[in-house]
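Take a look at the structure below.
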Amino acid sequence: MIKPLQDITVLDFTQFLSGPSASLRLSDLGARVIKVEHKEKGDLSRSIYASHLNIAGQSGFYQGINRGKECLALNLKDADDLALVKQILPHVDIVLHNFRPDVMQRLGLSPQELKRINPKVIYGEITGYGHEGPWRDRPGQDLLLQALSGLAGLSGDEASGPVPMGLAIVDNLAGAQLVQGVLAALYAGEGALVQVSMLEAALDFQFEPLTLYYHDGEAVNRGTDNAAHALVGAPYGLYKTSDGHLALAMGSITFLGELLACAPLLAFADPARWFAERDAIKAILATHLEQQSTAHWLSILEPADIWCAEVLNWQQLVAHEGFQLLHMVQEVSSAGGSYLTTRCPIRIDDQLLTQPQGAPSLGEHNHLLRAEFLAPNS
């Protein structure tokens, strides 16, 4: 298929996760991505994991998020290498970076300098906290952003203290928002400076609790029993069964009491109590649901159109027909060998956006890119 960004070239200075997640999505949509890495160290994600987590000779982290890209290994403080970058710049549509504030300026690659070289270039950047304020020079690392933004205070229950998500959620949110801004600028057809901070991405993600906080000034209470969403009443949560776990979303407590033959729930006829007394309701449900298997409860709940699901681990998930029909796994090849990874989740005209090329080795495309862009006798 013809991918929508097939005529777009991205010069990508990003590293680790937030920025590379953005350039990965642009690559999935058809853009050519030239990834610039440190000549000796490469992207930090090449070495972030222990060796036993390597795939095809490189960090699994790096392999997963840099598939489909070309690698140009340079020392940007070297005059010749910087000159090569400036030779490439007139031929690119998008430049991305996620360095701390002022790093690109010190390298001679400020938005103003790039606009002078290429007036139509879209300059996209991710910072940790923006260009102002007491946090501007702090490291923009996901766990630190979850902590500072209040996000870690939304997971778990009141007794557990702050609980971070088990994924680098802020990195991925910032990357996705940068893609949105870059695509909007690309649609406008003019050069633009597109900026996203990880802090603002994390705050935007929390629009529901923050809106309520500004309304009533009260801190979020996560509850004490089977906590899953601080703003939603019972039965919302995960519950242990005799052989696994069951997820319950929103629903009528009294209807659940009838379906499940759980008489104590029938006392909660007033819907206003389903939030105010959610911990008491969830405690009753938790005791009741432990008495039978997950399959038993699903056989009752699903025909009644109750929002519920079995809680699966990865082994159960990948073996399930519902997962297999999505074709979410693709095989890609790199210099070190082939490996399986996820594909782009977007479909266009019912077509999957896949690409067979894995992540590049450090400096793999130096020779070809120099030959393509370096002016003769320069």
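Every number here is computed from the coordinates shown, using simple stated rules; none is lab data. In this text, all values refer to a predicted model and were calculated from it rather than measured experimentally. Ideal geometry is used to build each Cβ from the backbone, glycine not excepted, and the neighbour counts take in all protein chains shown.
Considering (1) under 13 Å from E200 (Cα atoms); (2) free of Cβ contacts under 8 Å to residues at least 24 places away in the same chain, the lone condition that P164 does not fulfil carries the number (1). In region 249-267, of all residues being of a type in the set (A, V, I, L, M, F, W, C) and over 39 Å from the mean Cα position of the chain (by Cα), the one that is surrounded by the most Cβ atoms within 10 Å (Cβ to Cβ) corresponds to C262.
Could you list all residues from region 337-378 that are of a type in the set (A, V, I, L, M) and in a loop (DSSP other than H, G, I, E, B)?
I346, L353, A359, L362, L374, A375 - these are the residues of region 337-378 that are of a type in the set (A, V, I, L, M) and in a loop (DSSP other than H, G, I, E, B).
Of the helices (runs of 4 or more DSSP H) contained entirely in region 58-109, those carrying at least 2 residues that are in contact with a strand residue (DSSP E or B) (Cβ under 8 Å, 6 or more places away or on another chain) and touching a residue at least 40 places away in the same chain (Cβ under 8 Å) fall at 60-65, 79-88. Taking region 173-207 as the range and being assigned to a strand (DSSP E or B) and either of a type in the set (K, R) or more than 13 Å from L96 (Cα to Cα) (or both) as the test, only S197 passes. Is it true that L317 is out of contact with any Lys or Arg (no Cβ under 9 Å at 6 or more places or on another chain) and touching a residue at least 40 places away in the same chain (Cβ under 8 Å)? No: the conditions fail for L317. Please determine whether any residue of region 33-48 is in contact with a helix residue (DSSP H, G or I) (Cβ under 8 Å, 6 or more places away or on another chain), in a helix (DSSP H, G or I) and closer than 23 Å to Q195 by Cβ. Among the residues of region 33-48, at least one is in contact with a helix residue (DSSP H, G or I) (Cβ under 8 Å, 6 or more places away or on another chain), in a helix (DSSP H, G or I) and closer than 23 Å to Q195 by Cβ, which makes the answer yes.
Selection of first residues in region 199-222 that are in contact (Cβ under 8 Å) with a residue 12 or more places away in the chain and under 21 Å from L145 (Cβ atoms) and of second residues that are loosely packed, with under 13 Cβ neighbours inside 10 Å and of a type in the set (G, A, S), restricted to Cβ pairs under 7 Å at least 6 apart or on distinct chains, gives an empty result. Condition test on Q292, is it within 30 Å of G64 (Cβ to Cβ), surrounded by 15 or more Cβ atoms within 10 Å (Cβ to Cβ) and touching a residue at least 12 places away in the same chain (Cβ under 8 Å)? In short, no. One residue alone among W307, W314 is among the aromatic types (F, W, Y), closer than 30 Å to A56 by Cβ, within 30 Å of the chain's Cα centre (by Cα) and surrounded by fewer than 19 Cβ atoms within 10 Å (Cβ to Cβ), and that residue is W314.
Condition test on E218, is it more than 23 Å from F61 (Cβ to Cβ) and part of a loop (DSSP other than H, G, I, E, B)? Break it down stepwise before answering.
Values: more than 23 Å from F61 (Cβ to Cβ): yes; part of a loop (DSSP other than H, G, I, E, B): yes.
So E218 passes the test.
In region 235-248, of all residues being under 29 Å from the mean Cα position of the chain (by Cα) and without any contact (Cβ under 8 Å) to a residue 60 or more places away in the chain, the one that is nearest to A269 (Cα to Cα) corresponds to P235.
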